[in-house]
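To start, the structure under review is shown below, and the notes come after it.
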Amino acid sequence: MVRRTLLVGLVPRSGLLQQRAFPVGNISHLTIGFIDLCECNRKTAHQDSRHMRTSQRSGRTDIRITLPRWVHGVLRRCTPCRTDEDKMRLVITLARENVERETGGPFAAAIFQQPGNRPVAVGVNRVEPLRNAVLHAEIIALMLAETRLRSHTLRAPRLPAHELITSCAPCAMCLGAALWSGVRRIVCGAGRADAVALGFEEGPVFPASYRYLKARGIEVVHGVLADEARTVFEAYRQRCGRIYNG
Ligand SMILES: [Zn+2]
């Protein structure tokens, strides 16, 4: 059954960032119409898949998008993020945990507000566990951020600027989503070539794509803690993680 909680996110709206980097509080579940974003207690891909089958048996197709429960533990432990490196270190930690706990692909992302470095949302890759090709880390982070802020755009006049921090340069889908989301800045860890070397298809992203974003007022920073980000790919490779292109 889809619960219709109007707004819940990873961070309380009045989060006290001076005290905790990600004050997750007791918020754990987000439901909007037929899209259900929630923290779940299921720990494995198999269990998530079983849940999806159960939802479909109810006679209608509900889409449940979940972050693994362990994400909240990482956010509770993290220290305030003030620099690009701090933020990248957080998303790399999330990506590494996603690999080690087998809850998705080797990618993670986060949304921060500027000025103030206020954390808004995070995402990890959930493509395989939830059987949904669009559930890249950046997409989940953007959806959570926009839902939490009650705005289809992060560039609304009432809102401060937002930035997307991602453990790997976005694929074609995520770069497009970043453009439509209204973020003003994108900070990347590993590069497109690193993802391709691992075996992932990144789609039609060209130098002209970045020139287009720049012309639309979006700054893109590449290669922040790139070596560290690449170690997550290596861990995924050693675990024989699945390359799920297409
Ligand atoms: Zn993507």
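The values are calculated or read from the model by the stated rules, or taken from the named source; none is laboratory data. Keep in mind it's a predicted model, so treat the numbers as computed, not measured. Glycine also receives a Cβ, built like all others from the backbone with ideal geometry; neighbour counts cover every protein chain displayed.
Among residues of segment 91-110 that are within 13 Å of Arg242 (Cα to Cα), those with a beta-carbon under 6 Å from a residue that is of a type in the set (Phe, Trp, Tyr) and in a helix (DSSP H, G or I) at least six positions away or on a different chain give the pairs Val99/Tyr236; Pro106/Phe233; Pro106/Tyr236.
Regarding segment 100-109, can at least one residue be identified that is assigned to a helix (DSSP H, G or I) and either away from the ligand (no atom under 16 Å from the Cβ) or touching a strand residue (DSSP E or B) at 6+ places or on another chain (Cβ under 8 Å) (or both)?
Taking segment 100-109 first, the residues assigned to a helix (DSSP H, G or I) are 100.
If we keep only those that are either away from the ligand (no atom under 16 Å from the Cβ) or touching a strand residue (DSSP E or B) at 6+ places or on another chain (Cβ under 8 Å) (or both) too, we end up with 100.
Yes, there is a match, as at least one residue in segment 100-109 is assigned to a helix (DSSP H, G or I) and either away from the ligand (no atom under 16 Å from the Cβ) or touching a strand residue (DSSP E or B) at 6+ places or on another chain (Cβ under 8 Å) (or both).
Residues that are in contact (Cβ under 8 Å) with a residue 40 or more places away in the chain, under 16 Å from Gly189 (Cβ atoms) and assigned to a loop (DSSP other than H, G, I, E, B) occur in segment 80-89; there is at least one. Scanning segment 74-96 for residues that are under 14 Å from the mean Cα position of the chain (by Cα) and surrounded by fewer than 19 Cβ atoms within 10 Å (Cβ to Cβ) yields one hit, Thr93. Take the residues in segment 197-211 that are hydrophobic (A, V, I, L, M, F, W, C) and within 13 Å of the ligand (Cβ to nearest atom); name whichever of them is nearest to Ala145 (Cα to Cα). Going through the qualifying residues, I end up with Val205. Of all residues in segment 140-192, how many are within 12 Å of the ligand (Cβ to nearest atom), of a type in the set (A, V, I, L, M) and surrounded by fewer than 22 Cβ atoms within 10 Å (Cβ to Cβ)? Going through segment 140-192 one residue at a time, the tally reaches 3.
Taking segment 213-227, which residues are touching a helix residue (DSSP H, G or I) at 6+ places or on another chain (Cβ under 8 Å), assigned to a helix (DSSP H, G or I) and over 20 Å from Val91 (Cα atoms)? Outline the logic, then answer.
Step one: filter segment 213-227 for residues touching a helix residue (DSSP H, G or I) at 6+ places or on another chain (Cβ under 8 Å), giving 213, 216, 218, 220-221, 224-226.
Adding the requirement that they be assigned to a helix (DSSP H, G or I) leaves 213, 226.
Result: Leu213, single match.
The C-beta contact set for segment 128-139 (first residue more than 13 Å from Ile243 (Cα to Cα) and more than 8 Å from the ligand (Cβ to nearest atom), second residue at pLDDT 95 or above and not in a loop (DSSP other than H, G, I, E, B), distance under 8 angstrom, 6+ apart or interchain) comprises Val134/Met173. When segment 194-232 is filtered for residues that are at pLDDT 95 or above, out of contact with any strand residue (DSSP E or B) (no Cβ under 8 Å at 6 or more places or on another chain) and either farther than 12 Å from Ala172 by Cβ or of a type in the set (Ser, Thr, Tyr) (or both), the ones remaining, listed by number, are Pro207, Ala208, Ser209, Arg211, Tyr212, Ala215, Arg216, Gly217, Asp227, Thr231.
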